[in-house]
Amino acid sequence: MGEEGGWRVYILRLGHRPDRDKRVTTHVFLAARAFGAHGAFYSGQKDEKAERSVKKTVESWGGQFKVEFVENWIDKIRGWRRNGGEVIHLTMYGIPLNEAIQKIRESKKDKLIIVGGTKVPRTVYELADWNVSVTSQPHSEVSALSVFLHELYMGREFEKVFENAKIRVVPQARGKKIVKN
C-alpha cells in the first residue's frame, strides 16, 4: 500500500505504562496494522504481554507487522530523520489534518507517526517535521491514528490483503462468517 506512494509507515507510541495503558497501546498497534502501517515502536516501559498480543494477531490474521521496544525515543526520532525519513506527530495543537495531508502524502519519505501516551514533551514538537491535529478537541490516540492513516491512504487500506492469514472474515450483511486457511 504505502510502497505505491514511495514510502513506508511506522508508528512510535510514547511513554507506555503497562499498568495504565495496556489496552490502549495494544489498540494503537492493532489499529496501525489494520489501517496499513508496516510496524510500530514504543517507549516507556517494556511490555512483552502487549508485544505477544500483537504477534499473535499477526500470526492469525496475516501480514508482516512487528512491534519493537525502544529505550530512547529521542534517538529513534533523530535516527529516523538522519536516515531520510520524516516525522509526523499527531496532536490536537498542530496544523489541521486537511491542510497538511496532501503534502505529507506527496512526500517520498518514510513516515514515523508519533502518538503520545503521557504528556508529550516539548522536544517532540520541535523534532517533528509535522505537528498535525486530527480535530482540535480531546480524543484518543487510537482514533487520531486511525483517521490519519485513513486520510493518508485515501481509503485504500480497506482493500489491503494480509498475506499468510490463517483467519479471514467474509463480509456479509448479517451474521458472522470466518474462513480458516
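Can we say K160 is over 15 Å from the mean Cα position of the chain (by Cα) and over 19 Å from V87 (Cα atoms)? So K160 fits the description; yes. In this structure, L97 qualifies as under 19 Å from A31 (Cβ atoms) and among the aliphatic types (A, V, I, L, M).
Is it the case that E126 is of a type in the set (D, E) and farther than 19 Å from V9 by Cα? So E126 passes the test. Looking only at residues in the range 105-127 that are surrounded by fewer than 17 Cβ atoms within 10 Å (Cβ to Cβ) and among the charged types (D, E, K, R), the one that is farthest from G84 (Cα to Cα) is K119. Quick check, is Y93 modelled with pLDDT of 95 or more and hydroxyl-bearing (S, T, Y)? No; evaluated as a whole, the condition is false for this residue. Of the strands (runs of 3 or more DSSP E) contained entirely in the range 23-97, those carrying at least 1 residues that are on the phi > 0 side of the Ramachandran plot fall at 39-44. Annotation note: of K108, K119, the sole residue that is part of a loop (DSSP other than H, G, I, E, B) and either among the aromatic types (F, W, Y) or farther than 20 Å from L152 by Cβ (or both) is K119. Output yes when any residue across the range 65-81 is within 27 Å of P138 (Cα to Cα), touching a Gly at 6+ places or on another chain (Cβ under 7 Å), touching a residue at least 40 places away in the same chain (Cβ under 8 Å) and of a type outside the set (A, V, I, L, M), and no when none is. No, the range 65-81 has no match at all. Consider E126 carefully, then state whether it is closer than 16 Å to F35 by Cβ, assigned to a helix (DSSP H, G or I), acidic (D, E) and out of contact with any His (no Cβ under 6 Å at 6 or more places or on another chain). Judged against the criteria, E126 is not a match. Scanning the range 98-121 for residues that are at pLDDT 95 or above and either β-branched (V, I, T) or under 30 Å from P18 (Cα atoms) (or both) returns I101, I104, D110, K111, L112, I113, I114, V115.
The single condition from (1) assigned to a helix (DSSP H, G or I); (2) hydroxyl-bearing (S, T, Y); (3) over 16 Å from the mean Cα position of the chain (by Cα); (4) under 12 Å from T91 (Cα atoms) that S143 fails is (3).
Of all residues in the range 50-76, those that are closer than 17 Å to V28 by Cβ and either touching a Lys or Arg at 6+ places or on another chain (Cβ under 6 Å) or surrounded by 11 or more Cβ atoms within 10 Å (Cβ to Cβ) (or both) total 18.
Inspect all residues belonging to the range 164-175 and state whether any of them is modelled with pLDDT under 95, crowded, with 18+ Cβ neighbours inside 10 Å and outside any helix (DSSP H, G or I). Within the range 164-175 (the criterion being modelled with pLDDT under 95, crowded, with 18+ Cβ neighbours inside 10 Å and outside any helix (DSSP H, G or I)), the answer is no, since none of the residues qualifies.
The values are calculated or read from the model by the stated rules, or taken from the named source; none is laboratory data. Quick caveat, the model's predicted, so the values are computed rather than measured. FYI the Cβ positions are ideal-geometry reconstructions off the backbone, even for glycines, and counts take in every protein chain you see.
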